[in-house]
């Protein structure tokens with residue numbers, strides 16, 4: 001295709017006031033018309049709206065556009081939408097280019113609208129020169145293995161297994177402990193319903209007798225290879241390796257309570273943990289009348305800066321259960337902040353106060369001091385020290401990530417956050433997805449979660465997994481790397497640096513080859529190749545150079 005055949009359409013979005021309130025959007029559309037190969041240019045109030053999308057399709061047809069540029073918000077959120085519209089209008093989706101003039105411009109330069117507008121012109125000009133060099137690409141089709149591996153047999157794993165098993169898929173549920181149930185086995189009752197935890201464990205019998213669910217207890221993951229739709233998982237059970245093929249993987253490994261040892265003189269007798277208290281409540285062995293609970297033990301400090309999310313509600317639940325059994329009990333909860341999200345949990349908290357449970361705020365720089373028969377605590381509200389009689393002290397410690405999280409994360413090629421919990425692809429848009437396609441996360445493996453949250457996330461992960469399992473084939477990204485074998489010297493630099501293990505070596509030709517299904521087009525291999533033997537489609541050297549050189553003026 002010659003330059004004369006290239007017909008580019010540019011659509012500049014106001015995004016309400018996000019962009020239009022800062023930048024001079026009409027002037028950007030006018031400027032775009034002056035650029036080479038731009039046949040049509042316009043501004044829209046909301047380009048992603050039905051009106052805006054229809055405008056794109058109609059102008060593609062009317063002006064015979066064969067390249068489309070949208071200057072608006074983040075490609076991460078809206079590029080798939082605009083690509084699909086181009087495809088509906090008969091344009092290859094990879095002939096679409098998106099310019100982020102919101103996150104990278106208007107939001108950054110709110111106090112410099114004129115400079116921001118000039119910067120937007122630069123960004124649009126760069127995009128136009130790149131668009132002229134774009135090439136149509138095709139997505140790769142992959143056959144799907146219609147089964148799932150679920151790692152972890154707690155409430156999240158069991159919920160996800162039942163969800164997918166009831167849809168008719170073959171499920172392999174892997175649990176490292178001798179029994180299913182996870183932390184649920186240690187709980188007495190669950191909030192806010194105060195239902196016996198044992199009732200929730202009844203689902204174990206349904207799972208273990210389910211025709212579509214295969215349970216492997218006392219089993220550990222040895223290795224994971226493959227890609228979305230075609231994963232191969234090796235587990236070890238009773239010193240024997242078992243190979244499993246699966247289309248998707250769900251991580252539901254949960255978390256573990258931090259041991260209170262070393263905090264407030266913990267002795268598992270007069271000073272116990274909330275988990276110890278669960279056991280006493282389950283066996284009706286709570287004899288104390290004066291009970292003090294201390295929250296945020298071992299968290300929200302320099303070592304663990306996070307709130308564990310479930311501790312407040314768990315302490316309130318156990319305090320209410322004690323009051324119901326013993327109306328003479330006096331319970332004080334020492335807290336830094338109370339976490340009771342939503343109206344249901346807030347009403348639960350209010351009921352606890354109505355039952356006479358006392359809540360006292362303490363300062364982290366003045367923590368409670370446990371003495372023989374009392375707990376001394378400074379109340380900032382009263383500006384004085386308070387002595388609280390105590391027969392029993394209960395410490396609320398956070399849930400922490402499993403020790404083997406890092407090992408499993410490396411096998412799956414998924415990230416961990418700073419506290420070693422698994423990190424989702426996007427906190428709002430893909431909350432149960434990993435950046436690695438076909439791998440999902442739910443429950444406390446992702447972040448400390450209560451029973452309701454864990455169940456909800458498990459169903460969400462199963463729902464996302466089913467979008468793959470219900471297909472016969474899956475189309476994966478066309479923007480991938482390709483090795484020019486005549487230039488490749490077989491140095492293996494790309495193999496060592498690829499974060500997705502998408503590159504291997506062809507022993508016959510002594511050159512690198514790329515698995516297009518596993519490749520994410522990140523560009524690390526292309527940047528590291530000493531012979532420039534790797535092409536990153538949609539981000540070729542020529543396309544990037546066109547953007548760079550035009551930044552200072554015309555090429």
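The values are calculated or read from the model by the stated rules, or taken from the named source; none is laboratory data. Computed from a predicted model, the values in this text were never measured in an experiment. So basically every Cβ, Gly included, is an ideal-geometry build from the backbone, and we count neighbours across all protein chains shown.
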Only unsatisfied item for residue 342, checking (1) closer than 19 Å to residue 450 by Cα; (2) touching a helix residue (DSSP H, G or I) at 6+ places or on another chain (Cβ under 8 Å), is (2)
The residue from 278, 303, 324 that alone is closer than 24 Å to residue 453 by Cα and not assigned by TED's automatic domain parsing to the domain that holds residue 225 is 278
Quick one: residue 334 ticks every box in (1) in contact with a strand residue (DSSP E or B) (Cβ under 9 Å, 6 or more places away or on another chain); (2) in a loop (DSSP other than H, G, I, E, B); (3) in the same structural domain as residue 301 (by TED's automatic domain parsing) bar one, so which box is it?
(2)
Would the stretch 286-295 turn up any residue that is under 21 Å from residue 259 (Cβ atoms), under 39 Å from the mean Cα position of the chain (by Cα) and in a helix (DSSP H, G or I)?
no
Please determine whether any residue of the stretch 136-153 is surrounded by 19 or more Cβ atoms within 10 Å (Cβ to Cβ), over 26 Å from residue 212 (Cβ atoms) and in contact with a strand residue (DSSP E or B) (Cβ under 8 Å, 6 or more places away or on another chain).
no
Of all the strands (runs of 3 or more DSSP E) wholly in the stretch 349-468, which have at least 1 residues that are within 30 Å of residue 287 (Cα to Cα)?
358-361, 374-379, 384-389, 392-395, 399-401
Scan of the stretch 188-200 for residues that are in contact (Cβ under 8 Å) with a residue 12 or more places away in the chain and either within 27 Å of the chain's Cα centre (by Cα) or in a helix (DSSP H, G or I) (or both), ordered by number
190, 191, 192, 197, 200
Pairs please, first residue from the stretch 235-246 and touching a residue at least 60 places away in the same chain (Cβ under 8 Å), second anywhere and surrounded by fewer than 10 Cβ atoms within 10 Å (Cβ to Cβ) and part of a strand (DSSP E or B), Cβ atoms under 7 Å, 6+ apart in sequence or on different chains.
none
Show me the strands (runs of 3 or more DSSP E) found entirely inside the stretch 478-548 where at least 1 residues are touching a helix residue (DSSP H, G or I) at 6+ places or on another chain (Cβ under 9 Å) and under 19 Å from residue 412 (Cα atoms).
503-506, 511-514
Residue in the stretch 219-248 that is surrounded by the fewest Cβ atoms within 10 Å (Cβ to Cβ), counting only those that are in contact with a helix residue (DSSP H, G or I) (Cβ under 7 Å, 6 or more places away or on another chain) and outside any loop (DSSP other than H, G, I, E, B)
223
Applying the selection to the stretch 324-354, what residues are surrounded by fewer than 18 Cβ atoms within 10 Å (Cβ to Cβ) and within 21 Å of residue 387 (Cα to Cα)?
328, 336, 337, 353
When you scan the stretch 484-498, do you find a residue that is touching a residue at least 40 places away in the same chain (Cβ under 8 Å), within 30 Å of residue 197 (Cα to Cα) and in contact with a strand residue (DSSP E or B) (Cβ under 7 Å, 6 or more places away or on another chain), even just one?
no
Residues of the stretch 164-183 satisfying the condition of being in contact with a helix residue (DSSP H, G or I) (Cβ under 8 Å, 6 or more places away or on another chain) and crowded, with 21+ Cβ neighbours inside 10 Å
164, 165, 169, 171, 173, 175, 180, 181, 182
Please verify whether residue 164 is touching a residue at least 24 places away in the same chain (Cβ under 8 Å), closer than 30 Å to residue 519 by Cβ and in a helix (DSSP H, G or I), treating the condition exactly as stated.
yes
Taking the stretch 313-342 as the search range and keeping residues that are without any contact (Cβ under 8 Å) to a residue 60 or more places away in the chain and within 29 Å of the chain's Cα centre (by Cα), which one is nearest to residue 367 (Cα to Cα)?
336
